[in-house]
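Peer 1: This structure is in structure tokens; I'll ask about it shortly.
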Amino acid sequence: MELVAQIRDKLGKASKALREQGLIPAELYGHGVKNLHLAVGVKEFKKVFKEAGENTVITLRVDKETRPALIHDVARDRLHDDVTHVDFYEVRMDQKITAHIPVEFVDEAPAVKNLGGILNKTMTEIEVEALPADLPHRFTVSLSPLVELNQSIYVKDLRPPKGVKILVAPGTVMVTVTPPLKEEVVEKPAEVSEVKVESEEKKIEREKEKEKDKEKEKPAA
């Protein structure tokens, strides 16, 4: 994937003018690399970013030179979600780097479908180390092995491509299925009419008890 960039000389407030021209202000930097102020086309960048994400090496063409780089950081406008600035990180293809690879969960968990379990995803990305060309675009994790409640899938269950070292502890849980929440039994409050009838019945019983006591107190004939 190739993206054409142009050198920009004006900084600061000039960035607004660039955006009005359909360009995004950008920076290129890297270890031992001279920092370059660039601008890339909005449409072209969005197309490349959609395919590459932040963990696939792209070819950045600056004037007549080509540079291998990662899309390192993308700043967005909070109101409209438009891309306002991009950082590119130039890499050496013979030098390993660390990167965060997205985790994509696919298929349906039988424990959710058949037992009403609740799916809890605890990881959305995995940190790895690899040569730039070996970085996977994503890790795809099937949920089909989750057939029982309280069952989990761990980092150790991943099968990374050759040359990719996972930097997360093997015992880390990525996703688990927990039992469904128990419904709380709420006691139905007594109706006012029931309370009233109950109190009247007790009143009648008390009157009867009084009558019995009076009969007992009468002197014998």
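Just so you know, all these numbers are worked out from the coordinates, no wet-lab data involved. Since this is a predicted model, take the numbers as computed values, not measurements. Reconstructed Cβ throughout: ideal geometry from the backbone, glycine too, with neighbour counts over all protein chains shown.
Peer 1: I need two numbers for region 2-91: Rg to one decimal and Dmax as a whole number, Cα atoms only, in Å.
Peer 2: 12.2, 37
Peer 1: Points 7 angstrom from Cα along the Cβ direction at Lys46 and Asp9: gap in nanometres?
Peer 2: 3.1
Peer 1: For Ser142, enumerate residues with amide H under 5 Å from its amide H, sequence gap 5+ or separate chain, H modeled in the peptide plane.
Peer 2: Under 5 Å from the amide H of Ser142: Val106.
Peer 1: Which cross-chain or sequence-distant (5 or more) residues have an amide H under 5 Å from the amide H of Phe88, H modelled 1.01 Å from N in plane?
Peer 2: Result for Phe88 returns Glu27, Leu28, Tyr29, His72.
Peer 1: Something else now. Which order do Val86, Val103 fall in if you start with the one that has the fewest other Cβ atoms within 10 Å?
Peer 2: The most exposed by this proxy come first: Val103, Val86.
Peer 1: Would you mind checking which residues have amide H under 5 Å from Gly117's amide H? H placed 1.01 Å from N; only 5 or more apart, or other chain.
Peer 2: Correct list: Val112.
Peer 1: Please label the shape of region 91-180 as rounded, prolate or oblate, based on the square roots a ≥ b ≥ c of the eigenvalues of the alpha-carbon gyration tensor (a/c under 1.5 means rounded; beyond that, a/b larger than b/c means prolate, else oblate).
Peer 2: Cα axes put region 91-180 in the prolate bin.
Peer 1: If you don't mind, another one. If the limit is 26 Å between Cα atoms, which of Lys46/Lys121; Lys16/Lys43; Lys113/Lys182; Lys50/Lys121; Lys43/Lys96 go over it?
Peer 2: Cα-Cα > 26 Å for Lys46/Lys121; Lys43/Lys96; rest within.
Peer 1: What are the ³J(HN,Hα) values, in whole Hz, obtained from phi via the Karplus relation 6.51 cos²θ - 1.76 cosθ + 1.60 with θ = phi - 60°, for each residue of region 30-35 in sequence order, with x given for Gly and Pro?
Peer 2: Karplus values, whole Hz, x for Gly and Pro: x, 5, x, 10, 5, 5.
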